Amino acid sequence: MALAPTVQLRSGARLPLLGLGTWPLNDEEAAETVDLAIETGYRLIDTAENYRNEKGVGEGIRRSGLPREELFITTKFNREHHSTDGVRRAFEESTKLLGVDYIDLLLVHWPNPAQGRYVEAVQGIAALLEEGLVRAVGTSNFKPTHLQHVIDAGIVPDVNQIQLDPQRPRIEERAFHNEHGIVTESWSPLGPGSGLLDEPGVAAIAEAHGRTAAQVVLRWHVQQGLVAIPKSSNRERLAQNLDIFDFELSGAELASIYLLDTGAADIVDSDEFGH
């Protein structure tokens, strides 16, 4: 069974390039899917307080029987925890539900700039990192302006998880991440509901490589150093999504996929939305 390659984070932890997203699974579905995914070879599992399925994810981990240290578990917390003490409470609640004693990557789920406390939230994660309770500091849905405020406060996150797919390639955000050594993680990497996987250009590349459209899109992510976390509960698709590390897209193929860029359409605005 082949495992996904990893990328080293600023903290020293190694993050798999491909993992399992778990939204919008409920606890029962999450338990079954996480167990199946781990059996299939997934080692990165992504969840969040707001998904309301951390207990199920933890159950799936227990069912798998895999040693905790072989997994990379990430979760995120909501805006009511945007304080140093709040982050600690969020961490304690998540670890209790997940049934673990540390979290590999803890993320601020949304910056909620109107609340004005996201820098303190990141500082709270950094404090947990110093105590060895988390292995990496993460942000989610942060724009470069949000990240700059965090950096100005003396912390560079290991990861920023953003909505990203070939139709929304987020060039400006990725350039900022690269400049500061922040790994980009793509949520909704297959652009569900957007028709991306039905694009003729993607289909032609898939046919040329004897792959599915989803495999081509996921390969587009990981070949560029983006970490992708697609969600699937289907055994066959779980296996297909992970089976993308034995072929390579040409420069021309990568470039042609960029032609699918639709601009800022359908990107959730984290200055306006958050929880």
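The values are calculated or read from the model by the stated rules, or taken from the named source; none is laboratory data. Just so it is clear, the model here is predicted, and its values are computed rather than measured. Here the Cβ positions follow ideal geometry from the backbone for every residue, glycine too, while neighbour counts run over all protein chains shown. Ligands, DNA and RNA are stripped out before the accessible areas are found, and what is left, the full protein with its side chains, is counted by its heavy atoms. Shrake-Rupley method; radii C 1.70, N 1.55, O 1.52, S 1.80 Å.
When the residues of segment 204-236 are filtered to those that are among the charged types (D, E, K, R) and buried (at least 16 other Cβ atoms within 10 Å of the Cβ), the one that is nearest to the chain's Cα centre (by Cα) is 231.
The single residue among 14, 43 that is under 25 Å from residue 217 (Cα atoms), among the charged types (D, E, K, R) and out of contact with any helix residue (DSSP H, G or I) (no Cβ under 9 Å at 6 or more places or on another chain) turns out to be 14. Just one of (1) of a type in the set (A, V, I, L, M, F, W, C); (2) part of a loop (DSSP other than H, G, I, E, B); (3) over 22 Å from residue 6 (Cβ atoms); (4) in contact with a helix residue (DSSP H, G or I) (Cβ under 6 Å, 6 or more places away or on another chain) fails for residue 247. It is (3). Among the residues of segment 250-275, the ones that are buried (at least 18 other Cβ atoms within 10 Å of the Cβ) and outside any helix (DSSP H, G or I) come to 3 in all. One residue stands out among those in segment 129-149 that are in contact with a helix residue (DSSP H, G or I) (Cβ under 6 Å, 6 or more places away or on another chain) and surrounded by fewer than 24 Cβ atoms within 10 Å (Cβ to Cβ): the one that is nearest to residue 191 (Cα to Cα), which is 144. Within segment 45-53, identify whether any single residue is open to solvent by less than 40 Å² (accessible area, probe 1.4 Å), among the small types (Gly, Ala, Ser), in contact with a Pro (Cβ under 7 Å, 6 or more places away or on another chain) and modelled with pLDDT of 95 or more, and answer yes or no. Checking segment 45-53: not a single residue is open to solvent by less than 40 Å² (accessible area, probe 1.4 Å), among the small types (Gly, Ala, Ser), in contact with a Pro (Cβ under 7 Å, 6 or more places away or on another chain) and modelled with pLDDT of 95 or more.
Has segment 190-210 got at least one residue that is of a type in the set (A, V, I, L, M, F, W, C) and outside any helix (DSSP H, G or I)? The answer is yes; a qualifying residue exists.
Just wondering, is there one or more residues in segment 103-113 that are in a helix (DSSP H, G or I) and either among the charged types (D, E, K, R) or crowded, with 23+ Cβ neighbours inside 10 Å (or both)? Within segment 103-113, none of the residues are in a helix (DSSP H, G or I) and either among the charged types (D, E, K, R) or crowded, with 23+ Cβ neighbours inside 10 Å (or both).
When the strands (runs of 3 or more DSSP E) confined to segment 1-74 are screened for residues that are over 14 Å from the mean Cα position of the chain (by Cα) and at negative phi, those reaching at least 1 such residues are found at 6-8. In segment 176-189, of all residues being within 12 Å of residue 226 (Cα to Cα) and in a helix (DSSP H, G or I), the one that is most open to solvent (accessible area, probe 1.4 Å) corresponds to 178.
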